[in-house]
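Trainee: Submitted below is the structure of interest, expressed as structure tokens.
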Amino acid sequence: MTRVHAPAKKPGSNAPLGFHVCQWCGEEFAKRGGSQLFCSDPHKTAFNNLRKERGAMLYDLFMALRYERELAAGLKVWSLICTMLAHFREEDRQKRAARKSWMRPQGVVERRPYLFNQFRQPKAKKKD
């Protein structure tokens, strides 16, 4: 994706920050905020509603996979999850011109750093 950048925005100005492609409709728009990913609020809402709907289905399967292991194994839940994801991606290709329906994984880390602290901190040495 090629981005065309407008001149830097002056403080207090309503001038665009640059141009970006809307993650929902695929149309180019003038950005007004640093992290703006959508051309309008309805497109942002539609994108997030799609993620909520898909995420709710996956949530139930992942919880069963983690906490009801025998049931999940019998139902082949991991295979169901992978199949479901393949269907989501194919739907993106057909209905959304292959635009991704997910956000960057780095965003999860940035919003929930406490989830990852346990993996980054060195373990304390045991005293004998």
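Trainee: I'm trying to understand the selection: among the residues of the stretch 68-102, which are in contact (Cβ under 8 Å) with a residue 12 or more places away in the chain and in a loop (DSSP other than H, G, I, E, B)?
Mentor: 96, 97, 99, 100, 101, 102
Trainee: Of all the residues that make up the stretch 113-123, how many are modelled with pLDDT of 80 or more and surrounded by 10 or more Cβ atoms within 10 Å (Cβ to Cβ)?
Mentor: 1
Trainee: A follow-up question, please. When residues of the stretch 1-25 are filtered for being at pLDDT 50 or above, surrounded by 13 or more Cβ atoms within 10 Å (Cβ to Cβ) and in a loop (DSSP other than H, G, I, E, B), how many remain?
Mentor: 6
Trainee: Right, another one. Going by the structure shown, is residue 67 at pLDDT 95 or above, surrounded by 10 or more Cβ atoms within 10 Å (Cβ to Cβ) and among the aromatic types (Phe, Trp, Tyr)?
Mentor: On the way: at pLDDT 95 or above: yes; surrounded by 10 or more Cβ atoms within 10 Å (Cβ to Cβ): no; among the aromatic types (Phe, Trp, Tyr): yes.
Answer is no for this residue.
Trainee: Got a number for residues in the stretch 54-64 being surrounded by fewer than 15 Cβ atoms within 10 Å (Cβ to Cβ) and within 13 Å of the chain's Cα centre (by Cα)?
Mentor: 1
Trainee: While we're on this one: Among the residues that make up the stretch 95-102, is at least one of them small (Gly, Ala, Ser), modelled with pLDDT of 95 or more and surrounded by 11 or more Cβ atoms within 10 Å (Cβ to Cβ)?
Mentor: Step one: filter the stretch 95-102 for residues small (Gly, Ala, Ser), giving 97-98, 101.
Those left that are additionally modelled with pLDDT of 95 or more: none.
There is no residue in the stretch 95-102 that is small (Gly, Ala, Ser), modelled with pLDDT of 95 or more and surrounded by 11 or more Cβ atoms within 10 Å (Cβ to Cβ).
Trainee: Scan the stretch 41-67 residue by residue and report those that are farther than 20 Å from residue 92 by Cβ and either part of a loop (DSSP other than H, G, I, E, B) or aliphatic (A, V, I, L, M) (or both).
Mentor: Of the stretch 41-67, the ones farther than 20 Å from residue 92 by Cβ are 41, 60, 62-67.
Hits for the stretch 41-67 are 63, 64, 65.
The values are calculated or read from the model by the stated rules, or taken from the named source; none is laboratory data. As the structure is a computational prediction, the values presented were derived from the model and not from experiment. Quick reminder, even Gly has a Cβ in these numbers, built from the backbone with ideal geometry, and neighbours come from all protein chains shown.
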